[in-house]
């Protein structure tokens, strides 16, 4: 299956989550097993030779891809969540979105010091979420070895905020 087929399966939803935003909906990939499996295989190919100890998935769609990828890599999975969702002591970072501000958290004891971590999310837009996730992984003792995204909205220049890291997006818009 070609990336172009996967790209064409992504649905545009205008004015979500607020007016003026064109949301890229990946549920149309998730509900088609052949697309979902191919996306996981493509992500796996980008990190299978990197000695990954943990995959950290960003809430919420990063959980979907990240947990399956962690299983394929035979490594741990760590959720990066919105505030108030994790039960133990956390690190927290505030960041800017293309349409406002938000916060993310990670457990303080998420990783043993220096372990290799791949961060995954469905979308790279302005880079604020990804940069905040990388900061959290480092605060928790992990070493960010790669950031993975299904979609990159290149016109928002999010890659500039994460340029100090190795990263890969499967599909650019």
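Rounded to whole Å and ordered largest first, report the semi-axes of the equivalent ellipsoid of the stretch 63-118 derived from its Cα gyration tensor (root of 5λ). Please list the in-between numbers first.
Working: eigenvalues 99, 46, 22 Å².
Over the Cα atoms of the stretch 63-118, the semi-axes work out to 22, 15, 11 Å.
Note on the chain: antiparallel DSSP beta bridges, both residues inside, total approximately 35 percent of the bridges counted. Shape analysis of the chain based on the Cα gyration tensor places the equivalent ellipsoid semi-axes at 24, 20, 14 Å, largest first.
The mean sequence distance of close C-alpha pairs (under 8 Å, at least 6 residues apart), as a share of the length of the chain, puts its relative contact order at 17 percent.
Rule-based calculations on the coordinates, nothing more; no lab input. This structure is a prediction, so every number in the text was calculated from the model and none was measured.
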